[in-house]
1. So in region 191-209, with the set limited to residues that are surrounded by fewer than 16 Cβ atoms within 10 Å (Cβ to Cβ) and in contact with a strand residue (DSSP E or B) (Cβ under 9 Å, 6 or more places away or on another chain), which one is farthest from Ala81 (Cα to Cα)?
2. Can you name the residue in region 69-113 that is acidic (Asp, Glu) and out of contact with any strand residue (DSSP E or B) (no Cβ under 9 Å at 6 or more places or on another chain) and, of all such residues, is nearest to Trp142 (Cα to Cα)?
3. Given (1) at pLDDT 95 or above; (2) in contact with a helix residue (DSSP H, G or I) (Cβ under 7 Å, 6 or more places away or on another chain), identify the lone condition not met by Asn138.
4. Could you grab me the full set of residues in region 172-199 that are under 15 Å from Phe124 (Cβ atoms) and either over 21 Å from the mean Cα position of the chain (by Cα) or among the small types (Gly, Ala, Ser) (or both)?
5. Can you find even one residue in region 68-87 that is of a type in the set (Gly, Ala, Ser), touching a Ser or Thr at 6+ places or on another chain (Cβ under 8 Å), modelled with pLDDT of 95 or more and closer than 30 Å to Ser126 by Cβ?
6. Within the set of pairs 6+ apart or on separate chains, which have a first residue in region 100-118 that is assigned by TED's automatic domain parsing to the domain that holds Glu190 and aliphatic (A, V, I, L, M), a second that is in a loop (DSSP other than H, G, I, E, B) and surrounded by 15 or more Cβ atoms within 10 Å (Cβ to Cβ), and C-beta atoms under 9 Å apart?
7. Looking at (1) free of Cβ contacts under 8 Å to residues at least 60 places away in the same chain; (2) crowded, with 18+ Cβ neighbours inside 10 Å, which is the only condition Glu85 fails?
8. Pairs please, first residue from region 134-162 and exposed (fewer than 15 other Cβ atoms within 10 Å of the Cβ), second anywhere and in a strand (DSSP E or B) and of a type in the set (Asp, Glu), Cβ atoms under 6 Å, 6+ apart in sequence or on different chains.
Amino acid sequence: MVVILSIREKTESLLYKVKIRTFGFQLTCLFTNQIIQMKKSILLFVLCGLLTNCTQPVQQPAQPPTVDFEKEKAAIQAVIAKETESYYKQDFEAWKSTYLQSPAFRKFGYWEGFSEKVTANIGFESLREEKKKQFDANETLWKGSTEERSNENFRISHDMAWYTFEQNSFEKDTRKFLGKSLETRILEKENGEWKIAYLGYHYYPAAGE
């Protein structure tokens with residue numbers, strides 16, 4: 001909004017002082033008698049220009065792209081299944097391809113079967129070296145086991161996802177129960193594909209322990 005506060009003549013210089021207030025700013029302009037008489041429309045033109053500049057629409061920030069939840073959920077489940085299956089098959093390249101191969105990667109786990117109980121990997125390189133030696137030496141436990149997941153929870157955004165679930169492991173042929181764990185995965189998108197950036201698990205104590 002533009003408001004003309006006052007127009008008055010300075011008698012000696014024959015100048016007209018015009019005070020204008022627009023959007024909280026007050027401007028003072030000087031006009032000669034000739035200008036006002038010859039081109040009264042000039043003042044209107046100036047005021048319209050001020051009004052136009054002050055009322056330009058504010059550019060809204062770009063909205064994040066819409067997430068196809070079911071599509072991304074299925075893609076995440078496929079990555080998690082591939083990681084688990086390739087791990088127990090000791091397929092190193094397939095297993096490695098599911099991870100964010102970055103110093104930012106983290107893995108924390110607890111299982112009573114470990115002598116140290118708690119394991120941790122800071123950065124993917126340490127995990128890569130550990131599993132390469134393990135697979136080459138054929139030292140992976142529960143090879144060929146099958147896993148069943150339940151109580152799944154997904155939080156998915158455009159390029160990051162959080163997935164938690166419970167997992168039961170069984171021997172493939174006998175269906176002997178091997179263990180139950182609480183699992184967490186945080187995934188990031190890299191070149192359009194989901195990669196595991198954080199892996200966490202906590203195994204329940206074995207029955208009777």
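The values are calculated or read from the model by the stated rules, or taken from the named source; none is laboratory data. Computed from a predicted structure; not experimentally measured. Cβ sites come from the backbone with ideal geometry, for glycine too, and all protein chains shown count toward neighbours.
1. Ranking the qualifying residues of region 191-209, first place goes to Ala207.
2. So the residue we want is Asp91.
3. Exception for Asn138: condition (2).
4. Ala197
5. Yes, the conditions are met somewhere in region 68-87.
6. Val118/Trp111
7. (2)
8. Matching pairs, first to second residue: Ser150/Glu166; Asn151/Glu166; Met160/Glu188.
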